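First the structure, in the form of structure tokens, and then the observations on it.
Bear in mind that the values in this text are calculations on the coordinates, not laboratory data. The structure presented is a predicted model; accordingly, all values stated were derived computationally and were not measured. Don't worry about glycine lacking a Cβ; one is built from the backbone with ideal geometry, like all the others, and counts go over all protein chains shown.
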Amino acid sequence: MKLEKTWILALLTGSVIWFISCGEQGVKESDPPVDIEKVAEKQPEVHGSEIKAGDIKFENPLNAEWVLSGKGIYELKCQACHKLTTDKLVGPGWKDVTKKREPVWIMNMITNVDMMLEKDPEAQKLLEQCLVRMPNQNITTDEARQVIEFMRQNDGEK
Amino acid sequence: MQASLLLTFFALTLFSCKPKGTQSAVSGDAATKVYVAPGKYDEFYNFVSGGFSGQMSVYGLPSGRLFRVIPVFSVDPEKGYGYSEESKPMLNTSHGFVPWDDLHHIALSVTKSEHDGRWAFGNANNTPRIARIDLKTFRTAEIIEIPNSAGNHSSPFITQNSEYVVAGTRFSVPIGDNQDVPINTYKDNFKGTVSFIGVDPKEGTMNVAFQILTPGINFDLARAGKGKSGDWFFFSCYNSEKANTLLEVNASQKDKDFIMAVNWKKAEEYAKAGKGQKKPVRYAHNVYDEKTHSAKSTIMNEVLVLDPKDCPDMVYFMPCPKSPHGCDTDPSGEYIVGSGKLAAVIPVFSFTKIQAAIAAKNYDGDFDGIPVLKYEAVLHGEVQKPGLGPLHTEFDANGYAYTSFFVSSEIVKWRVSDLQVVDRVPTYYSIGHLSVPGGPTAKPHGKYVIAYNKITKDRYLPTGPELAQSAQLYDISGEKMKLILDFPTIGEPHYAEAIPSSLIMNNSKKIYAIEENGHPYAAKGEGQAKVERKGNEIHVYMSSIRSHFTPDNIEGVKLGDIVFFHVTNLEQDWDVPHGFAVKGASNAELLIMPGETQTLVWKPEKVGVYPMYCTDFCSALHQEMQGYIRVSPAGSNVPLTFSTGTNLPTEPGK
Ligand SMILES: [Cu+2]
């Protein structure tokens, strides 16, 4: 029932073909087909683009402002499924996550979950364990970076 | 005499007019023309009135697939509409909570007489109301009650930049302080009104700007002018006999009724210049606030009324044969097509001639003090022998008009310029309104005409005494109209509008941003979930996310308590609503969109442990999305506690 992004892409391709073939049947020329990518652009729901290893930098001491806003995002959008200990709730607990996973991996998991579940074996393993897809919680790249800062603090970094 | 003959004829045809040959009218490639394969989109949204269901439904064209039923004037347990605390105020009226109405017509908002995809308007015929549906959310955003009205049929029709939505009363009624009058004093005491409801150009918010008082006739349909006639509005009306009993005979006595022409720009000027009178009335104005996810109902107590006798050059009558229903302006704004249900011709009026007749005072007397223009002076011409029982006309982009004929069950295509009939197709069974995508606008998209039928005998598998309501889709891209699809509809499909999908889907809202949730009882994050007691009210600030509620164990509720479940859906992903239901709740469930908060009230009647659960399949673990509430006897000392994921309950404040 729930529409995933890959589906939308498939739908888009399909609709283009349909509009063309419709014209061939002698039905009147229609308005140009709708571009679903454009639809998504205008929306508050954010799907980040893939973040590469060199895209983010880490420094110590931690950025206190980011830690604080990262904590706010955690409480609003993540806490329902992730504990700050090692205990699994819906998803895995966050304790030591920044030591176990590359930060880029975590950020892509937050903002690009469809891509990750499609091609990343570790992400696929997690889905098998948890059976709930990591929801897209409409988090921007900058916000994801702030969440990472909060995770680093949770893992004892100063 | 003539009237009763016509009536007999009308009745006979009703029983004998099942058109022959509709099956064979379907051409071989019909299926491919309407087939929208899985994963492909329809080209048009079709907004269809749900008639006596009180709702509006949304279909795709050409497929005829049903996408959505939007609750408007009737409660809808599927979505909790009219059952959740937040939506109940939407159905408030001066008569209190009215959970049902009769939705007849659809008007889509326009800019420069072209669809702009922002709002859909619908009318409540029974307890007069107009609703505005926001096409970003496909939800009813506002409902305004219409005072001094009864049977709000002649609505909602809309001016060329959505400046005003009109509402003409179908039933004239006693107006003013003394409404306790004998019914047979109709001619003296009953009056009609047409209301002009202003629409805020940005937000769409409505207000009853002014009403025009009219003679005690019945208003049926209406259309605004466009282009050169953009300052004018046209209303069809019947019962110029002013009958109050057995109207089927008594309101069919005269050869001609009227189309009422209103210069609304002039009316607006009169209203601003203080020519109207403020009259005490009571009506409800209900607005849904997307930030607080809640509706608020305000009772208004005044309306500005313009009396034509104080406002010269504002209102004129044009004679129109006979009990006119449709009164439709063509894309250019020059022609106004009247459709007399009992008339043998279709009269087409010319706006240019109307203006000339007004300038020359070319009158045929007056009706209750309002000038009646000479029929011949304002007539462009009549379509001869078009069919029986013309109802309603829409237009394509190539100068053709399409008129539905109830009695002879057909659609007739004719040329506006020379009034020649060029094609006709049978419909199955008795057609009411019809719709061409963009047909009432200045830019018709043509392509299809859809027939909305009144009776569907022999068309679908039988389902007891009542059969499916239905619509039929015809391809009008060629010279000849071709039937290509039947599809069932909801309630009685009175009228519909179709709009290119690109004008709507680009703006469709996917989620409510949780950061912007301004609901006073929102749990913005699981950390804010809690339970509070206020006297005998228990307020549960509950959050939901795949696949659990927080809290999911609640104890300490006692008999006599009223429990408010304020459920916030923490999801921020398109199409992930959660539902909420609790055993024994006497109203309905909730359906809560991503980022939204909705409230269900529950008054437990028995001691025990009650399950609650999510009603909308949300993930592989949806079935596990459940919890319990314990209800103890009144006076018991079980403390109020709540928890999630632990058997160590938390007491509020600890
Ligand atoms: Cu659920």
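For the peptide B:43-52, the mean number of other protein chain Cβ atoms found within 10 angstrom of a residue's Cβ is 1.
Determine the relative contact order of chain B: mean sequence separation of Cα pairs under 8 Å and six or more apart, normalised by residue count, in whole percent. All intermediate terms of the calculation are to be shown ahead of the outcome.
Values: 1853 pairs, mean separation 73.4, N = 654.
After rounding, I find 11 percent.
For B:VAL75, neighbours were defined as the other residues whose beta-carbon sits under 11 Å from its Cβ, and their charges (Lys and Arg +1, Asp and Glu -1) total -1. Bridgeable aspartates and glutamates around B:LYS202 (alpha carbons under 18 Å apart, same-chain partners fewer than 8 residues away excluded): B:GLU114, B:ASP116, B:ASP134, B:GLU142, B:GLU163, B:ASP289, B:GLU290. If the segment from B:ASP366 to B:LEU246 were pulled out straight at 0.36 nm per residue, it would be longer than the present Cα-Cα gap by 40.6 nm. Among A:118-126, B:142-150, sorting by the average number of other beta carbon atoms lying within 10 angstrom of each residue, highest first, gives B:142-150, A:118-126.
Within the straight-line cut-off of under 18 Å between alpha carbons, the lysines reachable from B:LYS226 are B:LYS112, B:LYS265, B:LYS266, B:LYS353, B:LYS443, sequence neighbours fewer than 8 places apart in one chain being disregarded. Taken over region B:324-410, the convex hull of the Cα atoms encloses 95 Å³ per residue.
Using r as the Cβ-Cβ distance of A:GLU75 and B:GLU269, and R0 as 60 Å, what FRET efficiency do you calculate, to the nearest 0.05?
After rounding, the FRET efficiency stands at 0.60.
Working from label points 7 Å from Cα in the Cα-to-Cβ sense, the B:ASP423 to B:GLN179 distance is 4.9 nm. With both labels modelled 7 Å from their Cα along Cα-to-Cβ, the A:ALA64 to B:LYS606 distance reads 5.9 nm.
When the alpha carbon gyration tensor of region B:258-322 is reduced to an equivalent ellipsoid, the three semi-axes, largest first, read 32, 17, 12 Å. Partners of B:LYS256 within straight-line reach, counting aspartates and glutamates whose Cα lies under 18 Å from its Cα and excluding those fewer than 8 residues away in the same chain: B:ASP220, B:GLU241, B:GLU248, B:ASP328, B:ASP364, B:ASP366, B:ASP368, B:GLU376, B:GLU382.
At a threshold of 8 angstrom on Cα-Cα distance, excluding pairs fewer than six apart, so keeping six or more, what relative contact order does region B:358-473 reach in percent? Mind dumping the intermediate values first?
Details: 231 pairs, mean separation 19.8, N = 116.
Normalised by residue count, the contact order of region B:358-473 is 17 percent.
Highest average first, the peptides B:170-180, B:236-246 ordered by how many other beta carbon atoms sit within 10 Å of their residues are B:236-246, B:170-180.
Among the lysines of region B:497-654, pairs at least eight places apart or on separate chains and with Cα atoms under 25 Å apart come to 20.
Expected output is a single nm value to one decimal: the length gained when fully extending between B:PHE97 and B:ASP458, i.e. 0.36 nm times separation in residues minus the C-alpha distance. What is it? Walk me through the numbers before you get to the answer.
Values: separation 361, 0.36 × 361 = 129.96 nm, distance 3.92 nm.
Value of the extension gain: 126.0 nm.
Return the average number of partner chain Cβ atoms within 10 angstrom of each residue Cβ along peptide B:503-510.
Numbers: counts 2, 1, 3, 8, 3, 3, 3, 8.
Other-chain Cβ atoms within 10 Å of each residue's Cβ, averaged: 4.
Taken along the Cα-to-beta-carbon direction at a fixed 7 Å, the label points for B:ALA620 and A:THR140 span 3.4 nm.
Averaged over peptide B:32-38, how many Cβ atoms belonging to another chain are found within 10 Å of each residue's Cβ?
3
If I stretch the segment between B:LEU559 and B:ASP231 completely, what's the gain in nm (0.36 nm per residue apart, minus their alpha carbon distance), one decimal?
Details: separation 328, 0.36 × 328 = 118.08 nm, distance 6.22 nm.
Gain in length upon complete extension: 111.9 nm.
Does the protein assembly as shown come out rounded, prolate or oblate by the C-alpha gyration tensor, with a ≥ b ≥ c the root eigenvalues, rounded set by a/c under 1.5 and, if not, prolate when a/b is larger than b/c and oblate if not? Because a/c hits 1.5 or more and a/b exceeds b/c, the protein assembly as shown counts as prolate.
Using the average count of surrounding beta-carbon atoms within 10 Å as a protection proxy, the listed peptides B:414-421, B:623-630 rank, highest first, as B:623-630, B:414-421.
The residues packed around B:THR441, meaning those with a beta-carbon under 12 Å from its beta-carbon, carry a net charge of -3 if Lys and Arg are +1 and Asp and Glu are -1.
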